[in-house]
């Protein structure tokens with residue numbers, strides 16, 4: 001296993017990059033700790049696969065260094081980095097049996113055949129491949145081939161890390177959950193550093209202890225699934241994580257807080273003081289649909305809060321989407337579309353509703369990055 005450290009790393013496919021837009025990976029410093037299970041999450045084109053290929057050595061970075069256990073490995077080819085990489089499409093030797101596919105990297109190292117036999121059977125047991133060991137790889141299903149691909153990485157004792165590049169894309173949906181669970185079991189059993197690239201937040205959350213969210217060639221937040229959900233540090237994280245994503249409304253400053261159209265929201269004195277000290281071009285508020293308090297417009301019937309208060313705002317119900325275990329309400333809030341998530345047993349207002357935003361769940365973003373009072377920032381940095 002290895003600690004993987006990225007130091008001032010950046011990459012551009014352009015020979016003469018002139019601006020940030022020319023970089024597939026913008027300058028970053030990041031650490032994958034030894035033995036951790038991580039996900040690299042983001043949309044197509046954000047730089048996930050480029051970053052993974054730089055770590056494995058398939059691509060040389062334009063700037064900066066990749067370090068394994070504090071040793072710079074930029075000049076080392078992939079075979080000398082002891083990295084196993086599992087790609088989106090299974091890579092197996094079709095003319096070989098499953099056993100020979102798993103044994104191939106061990107035999108290349110010159111391992112004695114009794115040890116090869118023992119190690120192959122150990123990994124076959126973990127991946128439920130025993131019934132297939134004698135079968136030619138060409139006769140396997142896509143998910144079986146992908147398990148063989150994973151097994152070739154796991155069979156080596158010297159592997160520093162395993163990198164997964166969207167490995168479940170070609171797998172049937174009903175089999176994905178089995179393989180996700182299997183990967184989690186493998187990590188717990190072997191304690192190998194694993195980095196899992198995906199655009200699927202469910203895959204990331206069920207596999208990883210910590211998730212790095214990428215956007216525009218940058219890691220905009222690195223944290224646990226709960227941290228990403230409850231406290232997005234960038235508007236993209238708020239939008240990308242959750243179903244539906246965070247409500248985001250552009251606002252401007254006003255006395256004691258912010259406003260949009262004729263709606264004014266009060267902010268704490270500490271947060272107002274922080275905003276006064278910042279230089280920014282754009283300001284937004286954000287709140288998760290799950291955290292919005294909602295009542296009937298009359299206030300007579302409680303939906304998901306004790307009682308309406310003076311900070312409640314009138315809204316018009318535009319649409320109700322029933323998704324079985326929960327409902328999504330689309331509201332018109334002073335000209336802005338706004339989502340609220342209700343449990344299936346909660347009463348749905350017919351035409352009008354009142355909403356309010358609990359202070360602990362209302363986020364403020366300056367130029368897309370979270371703004372927090374200085375004392376609060378210090379607490380999170382020390383956590």
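What the table below lists for this structure:
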read-out: Verdict on residue 90 being buried (at least 21 other Cβ atoms within 10 Å of the Cβ), out of contact with any strand residue (DSSP E or B) (no Cβ under 6 Å at 6 or more places or on another chain) and assigned to a loop (DSSP other than H, G, I, E, B); value: yes
read-out: Single match in 127, 140, 132, 117 (criterion: surrounded by fewer than 19 Cβ atoms within 10 Å (Cβ to Cβ) and touching a helix residue (DSSP H, G or I) at 6+ places or on another chain (Cβ under 9 Å)); value: 117
read-out: In region 259-277, residue farthest from residue 373 (Cα to Cα) [restricted to those that are in contact with a helix residue (DSSP H, G or I) (Cβ under 8 Å, 6 or more places away or on another chain) and not in a helix (DSSP H, G or I)]; value: 267
read-out: Hey, residue 305 more than 30 Å from residue 42 (Cα to Cα), buried (at least 18 other Cβ atoms within 10 Å of the Cβ) and either modelled with pLDDT under 95 or outside the structural domain of residue 62 (by TED's automatic domain parsing) (or both) or not; value: no
read-out: Test: residue 324 is surrounded by fewer than 16 Cβ atoms within 10 Å (Cβ to Cβ) and at pLDDT below 90; value: yes
read-out: Tally of residues being surrounded by fewer than 21 Cβ atoms within 10 Å (Cβ to Cβ) and in contact (Cβ under 8 Å) with a residue 60 or more places away in the chain across region 175-186; value: 1
read-out: Selection from region 343-363 of residues that are farther than 18 Å from residue 313 by Cα and touching a strand residue (DSSP E or B) at 6+ places or on another chain (Cβ under 9 Å); value: 343, 344, 346, 347
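The values are calculated or read from the model by the stated rules, or taken from the named source; none is laboratory data. These figures come from a predicted structure and were not determined experimentally. Positions of Cβ are generated from backbone atoms using ideal geometry, with glycine treated the same way; all protein chains shown enter the neighbour counts.
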